[in-house]
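K.L.:
Structure below; questions to follow.
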Amino acid sequence: SDGTPTAEDAAKAVGCELGQIVKSLVFDCDGRSILVMVPGDRRADRAKVAEEARCTKAKVAGPEQVRNATGFEPGAVAPFPLRQVDAVYLDRSLLQHPVVWIGAGSTRHMAALAPSELLRLSRAVQMDAVEAHP
């Protein structure tokens, strides 16, 4: 009832590990919108994203770009369907879980599915998208 605006809130709400929460992040890569899915307990590595997306710099997209690219509000991005996203990437570590939880279009809705289904439905490319552990 309090919503799931953060990965921590989402994990608490559904009763799962933080690493099972999928953060769907939109990056601006030289003007193109790229969606990158990473576990809730990790941070996306912008340099890795830029290299994989073949752009000079990947920066977190602003609210307007997120809305235009995905059709969802920032903090409520579902990984599919997407309006105008040029590429979708999934961090490989998400595949280790039997179930992951994705945003379902609002800060109050989530959906559980097998990572293989997330990969298929989002048409994502697998990659190492997270920063190294400190």
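K.L.:
Determine the pairs where a residue that is within 12 Å of Tyr89 (Cα to Cα), located within region 50-61, has a partner that is open to solvent by less than 10 Å² (accessible area, probe 1.4 Å) and assigned to a strand (DSSP E or B) with Cβ atoms under 8 Å apart, the partner being 6 or more residues away or on another chain.
P.N.:
These pairs meet every condition: Ala50/Cys29; Ala50/Ala58; Glu52/Met127; Ala53/Phe27; Ala53/Cys29; Ala53/Ile34.
K.L.:
Spot the failing condition for Thr4; the list is (1) out of contact with any helix residue (DSSP H, G or I) (no Cβ under 8 Å at 6 or more places or on another chain); (2) in contact (Cβ under 8 Å) with a residue 40 or more places away in the chain; (3) over 19 Å from Leu119 (Cβ atoms), and only one is missed.
P.N.:
Every listed condition holds for Thr4 apart from (1).
K.L.:
Output the number of residues of region 88-134 satisfying the condition of being in a loop (DSSP other than H, G, I, E, B), under 17 Å from Thr4 (Cβ atoms) and open to solvent by less than 70 Å² (accessible area, probe 1.4 Å).
P.N.:
Within region 88-134, residues that are in a loop (DSSP other than H, G, I, E, B), under 17 Å from Thr4 (Cβ atoms) and open to solvent by less than 70 Å² (accessible area, probe 1.4 Å) number 5.
The values are calculated or read from the model by the stated rules, or taken from the named source; none is laboratory data. Small disclaimer: the values here were computed from a predicted structure and weren't measured. Methodologically, a virtual Cβ is constructed for each residue, glycine included, from the backbone with ideal geometry; neighbour enumeration extends over all protein chains shown. When the accessible area is computed, the model is the full protein with side chains, heavy atoms only, and any ligands, DNA or RNA have been set aside. Shrake-Rupley method; radii C 1.70, N 1.55, O 1.52, S 1.80 Å.
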